[in-house]
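The values are calculated or read from the model by the stated rules, or taken from the named source; none is laboratory data. Everything numeric here is computed off the predicted structure, so don't read it as measured data. Every residue, glycine among them, receives a Cβ derived from its backbone with ideal geometry; neighbour counts consider all protein chains shown. What goes into the accessible areas is simple: the full protein's heavy atoms, side chains included, and nothing from ligands, DNA or RNA. Shrake-Rupley method; radii C 1.70, N 1.55, O 1.52, S 1.80 Å.
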Amino acid sequence: MRDLFRKRRMWRPPSRLRDSYDVVIVGAGAHGLATAYYLKQHGITNVAVLDKGYIGGGAAGRNTTILRSNYKTPEGARFYDASVKLYEGLAQDLNFNLLFSQIGHMTLAHSDRAMFVMANRAEVNRLQGIDSRLITPEEVQELAPAMYVGPETTYPIMGALYHPPGGIIRHDAVVWGYARGADEGGAEIHPGTEVTGFEMEGGRISAVRTSRGRVKAGVVLNCTAGWSSIVNDMAGVPLPITTHILQACVTEPVKPFLDVVVVSSQMHVYISQSDRGEFVMGSEIEPWTTYRMNGTLNFLQDLSRHTLELFPQLERARLLRAWAGLCDLSPDYSPILGTTAVENFHVSAGWGTYGFKAAPIVGKTLAELVATGRTPELIAPFTLERFYEDRLVSELAAAAVSH
Ligand code: PYC
């Protein structure tokens, strides 16, 4: 019976930690697992993915599943566009149904200033070959016929930034698909294995100390999102990151009536309807820094108020679940990705509210960095050094909602 159960699992049950690995990835979320998966394409298979909790239990399991690439900077738009393109072929690559619904993404504008910012973003996007354009209130209504856009709204809708390639995907399927692919490629996945420190020798990490023993490591990657500054501190590489919570919630399933992702920065909401009919809704990050993932009543009240202005039909819908996740926010709202001052220690951090969207391209580019020792061009703008060299990549106005 026990054997039968094990054979059916999607990845091998955790074995004993070996003494040494070519690559140790800290964090078994979407970024860590994707990196382990793509390392196989470079012939690197002696890999351990360690996580203090369970697979996909951090930000990968606590987002609102939105994908998009309509960022504000050319660097950001290029990078996230490469990620969306990988997501488009990912179900086939992983041979795993990821339920990617490319239903389009619409960011509402409620003021002249917002229209100007959206127009600017649309231009930047189009110069990168990304489908993104300003649309009129009439087109907004055509895309979301069930949404209230009449005169009684607190914030009248003046137009929107429309991004057809955006959409939603099944987030846990992404994690499981990458975990299964990484496992098939030979990587070992070790949940319940907390990293407690690094042993340093000659400016390098020589070994990783864990709650299950010590392992030697050729290269170490920090893919721990909300906990990235804690893990980086262990290597003596401080990150300019503050950690906040982001809250979201979901209603009971209702009849399908929304077929596009709707975002309003002014109203601090993003709303989509899942394949099951649930309304998935989120808000801006909380302004205080914390590692406690406790939800708040204020969040539920404000979010419900704004959602009901747009979708009064949801008045009687019950909330099924609410959750909070950690966001590792960088000063310019762009990721911190790639090499650090410790030669064999690389980082994927500073994701704020954008991390889940980036998982495939993070995995691909970090795997290339590990395999070749060279920073791929796509991620060169995002290295930690930019904060010492005054080369910030400000994505401040590209957040789904205000930060
Ligand atoms: O930037 O698309 C976004 C986003 C969605 C949820 C949080 N951020």
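Quick notes on this one:
- With contacts taken as Cα pairs under 8 Å and at least 6 residues apart, segment 265-403 reaches a relative contact order of 26 percent.
- Whole-percent carbon and sulfur share, accessible surface of segment 3-156, 1.4 Å: 51
- Relative contact order computed over the chain (Cα-Cα under 8 Å; 6+ residues apart), in percent: 24
- The accessible surface of segment 174-272, taken with every protein chain in place and a 1.4 Å probe, is 53 percent carbon and sulfur.
- Segment 247-403 - convex hull of alpha carbons, volume per residue in Å³: 137
- Share of carbon and sulfur in the accessible area of segment 334-375 stands at 44%, probe radius 1.4 Å.
- Listed residue pairs exceeding 21 Å between alpha carbons, taken from 72/357; 40/364; 52/216; 85/364; 85/357: none
- Evaluated with a Cβ-only charge set (Lys, Arg +1; Asp, Glu -1), the chain carries a dipole of roughly 1380 debye about its Cα centre, given to the nearest 20.
- Segment 81-129 and segment 256-292 have Cα centres lying 16 Å from one another.
- Alpha carbon Rg of segment 92-207, scaled by the compact-globule rule 2.2 N^0.38 Å: 1.67
- Tail weight of P(r) past 20 Å, computed on alpha-carbon pairs of segment 21-145, percent: 59
- Ordering 207, 59, 378 by the projection of their Cα atoms onto the charge dipole of the chain, which places +1 on the Cβ of Lys and Arg and -1 on the Cβ of Asp and Glu, puts 207 at the extreme positive end.
- Ordering of 118-125, 68-75, 365-372 by packing [mean C-beta count within 10 Å, highest first]: 68-75, 365-372, 118-125
- Counting every alpha-carbon pair across segment 230-301, the share separated by more than 18 Å comes to 54%.
- Distance between modelled label sites at residue 102 and residue 194, nm, 7 Å Cα→Cβ extension: 4.3
- Choice from 298, 232, 344 with maximal GNM fluctuation in the chain (Cα, 10 Å cutoff): 298
- Length gained on full extension, residue 120 to residue 293: 58.8 nm, using 0.36 nm per residue less the C-alpha separation.
- Leading residue at positive end of dipole, segment 277-370 (Cβ point charges), from 347, 314, 296: 314
- Counting only DSSP beta bridges with both residues in the chain, the antiparallel share comes to about 70 percent.
- Value of Rg/Rh across the chain [Cα atoms, Kirkwood radius]: 0.97
- Probe 1.4 Å, accessible area per residue of the chain, Å²: 43
- Divide the volume of the convex hull around the Cα atoms of segment 161-227 by the residue count and you get 168 Å³ per residue.
- The value given for segment 76-124 is a Kirkwood hydrodynamic radius of 13.2 Å, derived from the mean inverse Cα-Cα separation.
- Stretching the chain fully between residue 172 and residue 319 yields a gain of 50.9 nm (0.36 nm per residue, less the alpha carbon separation).
- If you take all other residues with their beta carbon under 9 Å from the beta carbon of residue 208, and give Lys and Arg +1 and Asp and Glu -1, the sum is +2.
- GNM flexibility winner over the chain from 345, 116, 100 (Cα, springs under 10 Å): 116
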